[in-house]
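Please treat every number below as a calculation from the coordinates, not as lab data. None of the values given here were measured: they were computed from a predicted structure. Cβ: placed from backbone, ideal geometry, glycine included. Neighbour counts: every protein chain shown.
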Amino acid sequence: MISFTITAANVDKWCGQAGSGEFDFGGHRRVLNANRFPLGSNRIMFAKPMAESIEIIPEEQWPDLISMKDRCHSWLHDRACDLPCKDQNGLGYCHGYGPVTCMEVMREVAGLPYVELSAESVAGRVTRWRNEGGDPEEDLQALVEHGACLASYMDKPHSISPSRWMDGWEENAKLHRAEEVYSQIAGDLWLIAGTCALRNIATSPWFDWWGHCISGSYRLKYDVKTKKIYRLDRNNWGMSWGENGYCWFEKGRGRSQGTPSGIVAVRVATPSEAA
């Protein structure tokens with residue numbers, strides 16, 4: 001199992017600047033057993049290079065770091081708030097919409113032009129083009145191996161009939177791939193999600209109580225009166241849901257609470273400006 005560690009030499013780096021050499025990505029591939037995910041099919045999957053470990057930021061440090069990031073406006077939400085909120089429109093493809101939204105957000109963080117990516121081109125590979133749920137781990141792998149094509153290649157929004165799509169969609173997808181990802185994340189997932197928020201790493205969490213996968217770790221909020229910390233996540237149900245597509249979660253595994261049942265994350269997207 002891969003542990004999840006982030007390191008930083010000084011507190012300035014917590015305000016969104018990724019230090020060089022901060023993450024140790026090996027050049028080899030590894031086999032992981034995806035056998036614990038409630039939305040998945042419990043198959044063996046392959047993962048691209050990923051960090052060997054992540055040093056969790058203790059929760060007692062979060063209030064001060066939240067205040068610092070608020071002052072320097074360096075949250076993912078501040079960088080990605082202008083991106084359109086995806087709407088899966090009733091498709092059972094939340095397992096693809098979450099990771100693909102991560103891709104779009106990390107492209108924005110990297111300063112690449114916005115392109116609308118097709119979550120269907122990723123999730124459809126996982127389900128063999130059936131409208132059904134799936135394992136976000138497998139969608140992440142599809143992003144690594146095949147990428148996501150532009151939504152404009154589909155014959156219509158939310159289409160899951162690739163035979164009707166524009167020729168060349170598979171080649172176009174290769175221009176938009178995840179190059180560095182986090183997979184099979186284990187440990188205290190509330191702490192991991194919060195650590196990702198503080199480091200501006202887009203995640204895709206899912207929840208057993210909801211049976212749903214979204215995108216997350218956009219921002220943290222500390223309530224001085226209640227001493228509670230909340231995490232801002234983004235759903236795939238359009239702008240009319242929640243607060244313009246976003247929702248605040250507090251710690252806990254009960255209904256409507258925000259400790260994920262699982263997480264995948266995208267660290268680096270293919271640096272392609274091609275449409």
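General remarks:
- Across the range 148-275, C-alpha contacts under 8 Å between residues 6 or more apart give a mean separation that, scaled by the residue count, equals a relative contact order of 28 percent.
- Within the range 63-219, all pairs of alpha-carbon atoms sorted by distance into 10 Å bins from zero give the percentages 11, 40, 34, 12, 2, 0.
- In terms of the mean number of neighbouring beta-carbon atoms within 10 Å, the peptides 180-192, 108-120 order highest first as 180-192, 108-120.
- Pairs from 86/251; 156/221; 86/225; 86/228; 69/225 whose Cα-Cα separation, in the structure shown, is over 31 Å: 156/221; 86/225
- Student exercise, the range 91-159 dipole from Lys, Arg, Asp, Glu Cβ charges, in Debye to nearest 20: 180
- Using the average count of surrounding beta-carbon atoms within 10 Å as a protection proxy, the listed peptides 203-209, 253-259 rank, highest first, as 203-209, 253-259.
- Ratio of the Cα radius of gyration of the range 148-272 to 2.2 N^0.38 Å, where N counts its residues: 1.23
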